[in-house]
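Novice: Right, I'll just put the structure down here and ask away after.
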Amino acid sequence: MRLSRFHLHTTKETPADAELVSHKLMLRAGMIRKLAAGLYTWSPLGLRVLRKVERIVREEMDRAGAIELQLPTIQPRELWEETGRWEKFGGQLLKIRDRKEAEYCFSPTAEEAITDYARQELSSYKQLPVNFYQIHTKFRDEIRPRFGVMRAREFLMKDAYSFHVNDADLVREYENMKAAYTRIFTRLGLQFRAVQADSGAIGGDASQEFHVLADSGEDAIAFSTGSDYAANVEAAVAAGPGPRPAPAEELRRVQTPTQKTCEEVAALLGIPLSRTVKSVAVIAGDGSFVLALVRGDHAVNEIKLGKVPGVGEYRMAGEAEILEHLGCEPGFLGPLGPRKPVRVVADREVAALADFVIGANEPGFHLTGVNWGRDLPEPDAVADIRNVVEGDRAIDGGRIRLARGIEVGHVFQLGRKYSQAMGFTVLDENGKAVVPTMGCYGIGVSRIVAAAIEQNHDQAGIIWPEPMAPWTVAICVINPKKDPKVDEAAESLLQELKTAGVDAVLDDRGLRPGAMFADIELIGIPHRVVVSERGLAAGTFEYRARRASESEALDRAQLLQHLG
Ligand code: ATP
Ligand code: MG
Ligand code: MG
Ligand code: MG
């Protein structure tokens, strides 16, 4: 491949609306372009990376014995009615009508479609177990699409679904998939961690997430110092109920007016921040206050404007109204983070306030999703409600440590929820109809690309882990037009690398060396070889690894040995 015949379009300017480094760098490298909110075009450069990720995912799924197929992205309402998810899935489900006014959705996930396929195809225990997968477009109408392809609306997912005659076999396949995921993320060259997770809207018995570790991650992960235990904080279980962290006495010590961070306010109110509750703000003065409990995935319109119970009603409020009450600039609430300062004005009604906060954990209120300790009865142990915070005692006797992660994979044991609802049975060995049990396994293929950049970049740009680099080697030609011998030498090196199975690209665009090197660094090519008149005269090539600070002069044999 010659870059003069490729469409590479990099920019120096940092895009104003991009917050995350991966989003900025993907735009600057010209890997993606925005079409509309959460909808991105993958450029030829971006697609090369996406395809490399996809290939590793496919190879490991195949190796694990899963079988590839493809389901439609547009799926009829009737199918989704069978499991009740046409209504229950919520706002992320994009609903569409055709010319006959028949209703469809764009698949955000495909349990219904695969179960429909399975009930047509599978009738005997002899056909089980089976694990079908696809690598296909998904659409979720995210409330707040952001960070480029990290949280897009249209994105590429690998989704797999397995069917089994009994639970033990499901557990076996679940472990098999976990092992495959571990191979996938290891091969991709990412630092990751498998963690216990909540099974969320999909439901079921057991579930684990795979997180790429990065400070910018939206999820908080809890590790234990005592063992390998790791969990999404929503699922992490501290060892038994702890003391309620915020007695009313302490609450009264809040002065008026004062600046506190969300973390401090949360601590005072006894609500540890989590992925679900990312910030808390309180204003009390004339008996009214604003309570902002912000859920991770949700936009600021999830914030509730409240009054102390008995004093007034609370209701949903828009962003502008809340910001006005908080005395904050527009844009203050996005992005949300635990260290953002909030203005706290609270010197009375604080005890009632604390009760209100706890009361908000009742169904239908904005604290739904906050975890109950597993060993506590639900839902009357209100006083003992707690989430995991840094330093908590873990089940294994160790201490909880917190880190941030990006969810790139998720495995679930679904059980019989979908097969039961959709009337799917197979005949067992005794000729008796049984409902198969299911597992499902997702990987955010397009999100991985952004997550890899969050973990691997520097001032100059992206530093791809080799397996997902658009090209492994860039051969940079100095003054290609001036002396045909230079271009010829570069071309023959390109061919030799190709023969050795190395994915190389030749930069023959004729840019000044500085500009050319800046592009090659920005787009993250792991190895750079400079071919110049001077080098050829000396019989050497100038080689530099993307992470190295110095170049070295290597002769042809040394170079091929190093790269091949
Ligand atoms: P999140 O918690 O980030 O919203 P999820 O738990 O809703 O993700 P799953 O239903 O588990 O997502 O889907 C499988 C995988 O698809 C996720 O682990 C993630 O990597 C990816 N994914 C989910 N939503 C998006 C999105 N909006 N953009 C890109 N990738 C996504
Ligand atoms: Mg989601
Ligand atoms: Mg999730
Ligand atoms: Mg998930």
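Novice: Considering only residues of the range 113-161 that are acidic (Asp, Glu) and closer than 18 Å to residue 426 by Cβ, which is surrounded by the fewest Cβ atoms within 10 Å (Cβ to Cβ)?
Specialist: 121
Novice: Of the residues in the range 472-496, how many are in contact (Cβ under 8 Å) with a residue 60 or more places away in the chain and surrounded by fewer than 20 Cβ atoms within 10 Å (Cβ to Cβ)?
Specialist: 2
Novice: Condition first: more than 21 Å from residue 415 (Cα to Cα) and touching a residue at least 12 places away in the same chain (Cβ under 8 Å). Now tell me which residues in the range 170-193 satisfy that.
Specialist: 182, 183, 184, 185, 187, 188, 189, 190, 191, 192, 193, listed by residue number.
Novice: Any residue at all in the range 440-462 that is touching a helix residue (DSSP H, G or I) at 6+ places or on another chain (Cβ under 8 Å), surrounded by 17 or more Cβ atoms within 10 Å (Cβ to Cβ) and more than 30 Å from residue 520 (Cα to Cα)?
Specialist: yes
Novice: Ok, one more. Evaluate the following for residue 160: is it of a type in the set (A, V, I, L, M, F, W, C), in a strand (DSSP E or B) and at pLDDT 95 or above?
Specialist: In short, yes.
Novice: Quick one: is residue 443 in contact with a Lys or Arg (Cβ under 6 Å, 6 or more places away or on another chain), within 16 Å of ligand 2 (Cβ to nearest atom) and under 30 Å from residue 163 (Cβ atoms)?
Specialist: yes
Novice: Taking residue 47 as meeting all but one of (1) surrounded by 15 or more Cβ atoms within 10 Å (Cβ to Cβ); (2) touching a residue at least 40 places away in the same chain (Cβ under 8 Å); (3) under 21 Å from the mean Cα position of the chain (by Cα), write down the number of the exception.
Specialist: Going through (1) surrounded by 15 or more Cβ atoms within 10 Å (Cβ to Cβ); (2) touching a residue at least 40 places away in the same chain (Cβ under 8 Å); (3) under 21 Å from the mean Cα position of the chain (by Cα) one by one, residue 47 breaks only (2).
Novice: Then there is this: Among residues belonging to the range 509-564 that are of a type in the set (A, V, I, L, M) and exposed (fewer than 14 other Cβ atoms within 10 Å of the Cβ), point out the one that is nearest to residue 27 (Cα to Cα).
Specialist: Step by step, filter the range 509-564, then rank; the result is 515.
Novice: Just for helices (runs of 4 or more DSSP H) wholly inside the range 482-564: which have at least 1 residues that are more than 23 Å from residue 49 (Cα to Cα), in contact with a helix residue (DSSP H, G or I) (Cβ under 9 Å, 6 or more places away or on another chain) and of a type in the set (Lys, Arg)?
Specialist: 484-499, 556-563
Conditions tested, residue by residue: (1) closer than 21 Å to residue 178 by Cα; (2) touching a residue at least 60 places away in the same chain (Cβ under 8 Å); (3) assigned to a helix (DSSP H, G or I).
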{"position": "429", "(1), (2), (3)": "no, yes, no"}
{"position": "443", "(1), (2), (3)": "yes, yes, no"}
{"position": "452", "(1), (2), (3)": "yes, yes, yes"}
{"position": "467", "(1), (2), (3)": "yes, yes, yes"}
{"position": "470", "(1), (2), (3)": "no, yes, no"}
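Novice: Taking the range 138-157 as the search range and keeping residues that are in a strand (DSSP E or B) and closer than 17 Å to residue 445 by Cβ, which one is nearest to ligand 3 (Cβ to nearest atom)?
Specialist: 151
Novice: I would also like to ask the following. So residue 109 ticks every box in (1) free of Cβ contacts under 8 Å to residues at least 60 places away in the same chain; (2) out of contact with any Phe, Trp or Tyr (no Cβ under 8 Å at 6 or more places or on another chain); (3) among the hydroxyl-bearing types (Ser, Thr, Tyr) but one. Which box is left unticked?
Specialist: (1)
Novice: Would you mention how many residues in the range 81-96 are closer than 24 Å to residue 144 by Cα and either surrounded by fewer than 16 Cβ atoms within 10 Å (Cβ to Cβ) or within 16 Å of ligand 1 (Cβ to nearest atom) (or both)?
Specialist: 11
Novice: Let me ask another. Exactly one of (1) at positive phi; (2) away from ligand 2 (no atom under 16 Å from the Cβ) is unmet by residue 160. Its number?
Specialist: (1)
The values are calculated or read from the model by the stated rules, or taken from the named source; none is laboratory data. Note that the structure is predicted; figures quoted are calculated from it, not measured. Neighbour counts run over all protein chains shown; Cβ positions are idealised from the backbone, glycine included.
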